[in-house]
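The numbers here are math on the coordinates, done by the rules we state, and not lab data. As the structure is a computational prediction, the values presented were derived from the model and not from experiment. Methodologically, a virtual Cβ is constructed for each residue, glycine included, from the backbone with ideal geometry; neighbour enumeration extends over all protein chains shown.
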Amino acid sequence: MDGKYKISNPEGIYFISFATVGWVDVFTRKNYRDIVVDSLNFCVEKKELILYGWVIMSNHLHLVCKAKQGNLSAILRDFKAHTAKAILNEIKANPESRKEWMLAIFKTAGAHSTKNKEYQFWRHDNHPVEVFTNQVIDQKLEYLHNNPVKAGIVNKAEDYVYSSAMDYCGIKGLIKIELMEDSGFEVVK
């Protein structure tokens, strides 16, 4: 993360996007999506991540989140490291028709990065954008919840299981989130 894309306010709420290297459509398989869900649940329960919204798409995910203790960068670093290792191990260990193709892309990316030993799964650019107002947070939540609708996966956002849209419609989703209307967030001027 460099330039304007940094987590500079430890108390801030951020809209963050992660994408796979080469925008590889890894998350078309449930087992890989479930690794992300389990990891996000761990971060919420054990690392004090506050998640206001999320969605997993075929090759990227979006979060609206903050950290209770102001260590969001560390939480996201650990999340990305853990999920990359777990997903790569899953690709290697289980039947996967795209195994050689995906591993070749991740290995090539890893060879060109000083931050990786062998493979690179996630792109390094997370693009965290601090959100300051209820209006912007609502816009980001609407954007991420409507990603599956725009992609033609579902007709209604709340029908997509791998998203917090269900929670905002009163249905318990896969990950514990804090609804924005319950957060006590106040507009910063």
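Quick notes
- Computed helical MRE - 222 nm, the chain, DSSP H runs ≥ 4 contributing -39500 (n - 2.57), nearest 500: -12500 deg cm²/dmol
- Summarising the label geometry, the points placed 7 Å from Cα in the beta-carbon direction at S97 and N31 lie 1.5 nm from one another.
- The mean sequence separation of alpha-carbon pairs under 8 Å and at least six residues apart, normalised by the residue count of the stretch 13-182, gives a relative contact order of 30 percent.
- Here S8 and E181 are evaluated by their C-beta separation; at R0 = 30 Å the FRET efficiency comes out at 0.70.
- Taking Lys and Arg as +1 and Asp and Glu as -1, the other residues whose beta-carbon sits under 10 Å from that of N31 total 0.
- Distance (nanometres) between label positions extended 7 Å along Cα→Cβ at K107 and K46: 3.1
- Dipole check for the stretch 61-189: with +1 at the C-beta of Lys and Arg, -1 at the C-beta of Asp and Glu, and the Cα centre as origin, the magnitude is about 640 Debye.
- The H on the amide N of Y52, modeled in the peptide plane, is under 5 Å from the matching H of V64, C65, K66, E178, each at least 5 residues off or on a different chain.
- Nitroxide proxy distance, nm - points 7 Å out along Cα→Cβ at A151 and V136: 2.6
- Under the span-like rule (Cα at least 30 Å along the axis, Kyte-Doolittle mean at least -0.5), DSSP H helices of the chain: 72-93
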